[in-house]
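Report on the following structure.
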Amino acid sequence: MSANQASLPDELVALLRTKPSLAVLTGAGMSAESGVPTFREALSGLWSRYQPEELATPEAFSANPQRVWDWYQWRRELVVNAEPNVGHRAVCRQERSFPDFHLVTQNTDGMHQRAGSQEVIELHGNIHRDICSRERIPVTLDENDPDHPPACPDCGAHLRPDVVWFGEALPSDALSAAHGIAQACRVMLVIGTSSLVYPAAGLPYTARSHGATVVEINPQPTPLSDEADYRLEQSAGTGLPALVDAVLSTADGGDAQ
Ligand code: OAD
């Protein structure tokens, strides 16, 4: 047993060993150890003087489509050159081991899928897809298009990333699936999110009001911290693998991949 395993609450490990219905809700902190900057921590370089909230809005896109497009191109490139981390892989191990498992993410980076997660509910879209800003239909980007942003081949409007901006509605299928999961799960792990952006931030409260045990994994406190049943004050790449190791090591005869 490692030092991290030793500091895990025994009752939590025992509960998870019963393989309860498990929901995992992730945010930007999940990919931080892959080198993808979170939204509310300092950005470096070119974009350090902008707040994400000033870039991730329909108004910002109307006012300066090139700036918003270029910011997303910068994030895309960062993500493409990053690799999923041990935290993402620990989520995959849970998906394989828990018969009733659900992953809900606020992340648009596709890292969970790259790590091998099969079923991912994306609440805020996916940065790797593009849509027409007018018709909202998916469009395959011509990488050689010199325009920033390129024009929709169908109607000529600007293309935009298929992500949810502040002030926009979340995809209704994803949101209603996430609500159903929050209501039905027995345990919810909330990993690497500031718990500030609703409606995603409301899911742990829904879970708790329906009787679930809520566990937060985050090195920093959040508005959820005092409400959570357990708080692991660790990074996703440390706290989650340690928890999964502790739960699966004896329960499954040693799955510690
Ligand atoms: P934030 O940037 O708001 O918060 C990141 C959280 O991750 C913070 O609470 C950090 O303490 C925590 N964190 C940092 N490093 C970590 C690590 N290694 N392990 C675990 N936690 C770590 O990101 P989100 O909560 O995901 O929306 O932000 C929610 C939404 O706001 C995003 O999906 C995005 C943003 O604007 C859209 O793009 C629509």
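The values are calculated or read from the model by the stated rules, or taken from the named source; none is laboratory data. Remember, predicted model here, so these are calculated numbers, not experimental data. Glycine gets a Cβ as well: all are built from the backbone with ideal geometry, and neighbour counts include every protein chain shown. Side chains included, ligands, DNA and RNA excluded: accessible areas come from the protein's heavy atoms. Shrake-Rupley method; radii C 1.70, N 1.55, O 1.52, S 1.80 Å.
The table below gives the values:
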| read-out | value |
| --- | --- |
| Cα gyration tensor shape for the stretch 178-257, rounded if a/c is under 1.5, else prolate or oblate | oblate |
| Percentage relative contact order, the stretch 111-197, counting C-alpha pairs under 8 Å, at least six apart | 29 percent |
| Residue-span extension gain [residue 7 to residue 114] - 0.36 nm each, minus C-alpha spacing | 35.5 nm |
| Any cysteine of the chain lacking a neighbouring Cys Cβ under 4.7 Å - listed by number | 92, 155, 185 |
| Relative contact order (percent, whole number), the chain, Cα cutoff 8 Å, 6+ residue spacing | 25 percent |
| Estimated dipole of the chain in Debye, rounded to 20 [Cβ of Lys and Arg +1, of Asp and Glu -1, Cα centre] | 320 debye |
| Estimated translational D of the chain in µm²/s (Stokes, Kirkwood radius over Cα pairs; 37 °C; 0.692 mPa s) | 172 µm²/s |
| Within the stretch 119-195: Cβ-based charge dipole about Cα centre, in debye rounded to nearest 20 (Lys, Arg +1; Asp, Glu -1) | 460 debye |
| Dipole of the chain [Lys/Arg +1, Asp/Glu -1 at C-beta], most positive-end residue of 91, 113, 188 | 188 |
| Mean separation of Cα contacts under 8 Å (6+ apart) over length of the stretch 109-257, as relative contact order % | 15 percent |
| Under 14 Å from the residue 142 label point (7 Å along Cα→beta-carbon), backbone N, the stretch 153-186 | 153-157, 159 |
| Residue 198 accessible area, assembled protein chains, probe 1.4 Å, Å² | 140 Å² |
| Virtual spin-label span in nm between residue 21 and residue 233, 7 Å along Cα→Cβ | 3.3 nm |
| Signed unit charges on C-beta, dipole axis of the stretch 112-244, positive-most listed residue 131, 153, 215 | 215 |
